[in-house]
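Working notes, beginning with the structure itself.
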Amino acid sequence: MMFGENDLTALWITLKLAMVTTLILLLIGTPLAWWLARSRWRFKFLLEAVVALPLVLPPTVLGFYLLIALGPHGPIGSLMEAMGGQPLAFTFTGLVIGSVFYSMPFVVQPLQGAFSAIGQRPLEVAATLRASPLDRFFTVAVPLARPGFLTATVLGFAHTLGEFGVVLMIGGNIPGSTQVVSIAIYDHVESLEYGQAHWLSGSLLLLSFLMLMAVYALNRRFVVVKP
């Protein structure tokens, strides 16, 4: 059998985690990237450094501090308990929070670059036509930044698919709840079940390759048809 029941469940949890994380990152990352691309605040580099921190920080370090914050004795976990809820560590919601932090630069940075590449001229022309700032953003900036949105979406999704250290620290390894594909592969390898590890690894490899191939192909098309 190619996939066991736990493998299929882990695959579904992984895909759901990637979809939810990517959607949240697009919602919060788009205004953040727009501000970073347009702001002239002298200390903007501090926020840029925070956004880029997961690129250089070991995943286990980020996962450890998130685990402390989301656990029953952490500030967020204690607040959840005080409100009648449960601590977020070792839950799917905790996985989402960790994934949002860990994949943030893969969404924010492509969007920031796309917004910066637009320049001032198209927005100034729209302003002379009495377009409001919100109109200029949605009717001018967003369409011109389509390649950046495509890249950010695919990179955020694909990066979340391959997470290991962060999700292991925050969610543990609970089959059917927080076990994602990367952890399931590790379990198979530890158990010398190389056949099942191969099917899971190959599935992620193929999916990631197809997604990246689509990004490059579509971005090339945007460049070719750009007036």
Can you work out the base-10 log of I(q)/I(0) for region 155-194 at q = 0.16, 0.28, 0.31 1/Å, using the Debye formula on its C-alpha atoms alone? -0.40, -0.96, -1.05
For the residues 124, 81, what sequence is obtained by ranking on other C-beta atoms within 10 Å, fewest first? 124, 81
What percentages make up the Cα-Cα pair-distance distribution of the chain when the bins are 5 Å wide from 0? 1, 7, 12, 15, 16, 15, 12, 9, 7, 4, 2, 1, 0, 0
Quick one: 3J(HN,Hα) in Hz for region 49-64, Karplus 6.51/-1.76/1.60 with θ = phi - 60°, rounded, Gly and Pro as x. 5, 5, 4, 7, 3, x, 5, 10, 7, x, x, 5, 5, 4, x, 5
Report the label-to-label distance for residue 6 and residue 52 in nanometres (one decimal), using points 7 Å from each Cα along the Cα→Cβ vector. 4.1 nm
Mean separation of Cα contacts under 8 Å (at least 6 apart) over the residue count of the chain, i.e. the relative contact order in percent, is 31 percent
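Values in this text are rule-based calculations from the coordinates and carry no lab data. Here the structure is a predicted model, which means the values were calculated and not measured. Cβ coordinates were reconstructed from backbone atoms using ideal geometry, including for glycine residues, and neighbour counts include every protein chain displayed.
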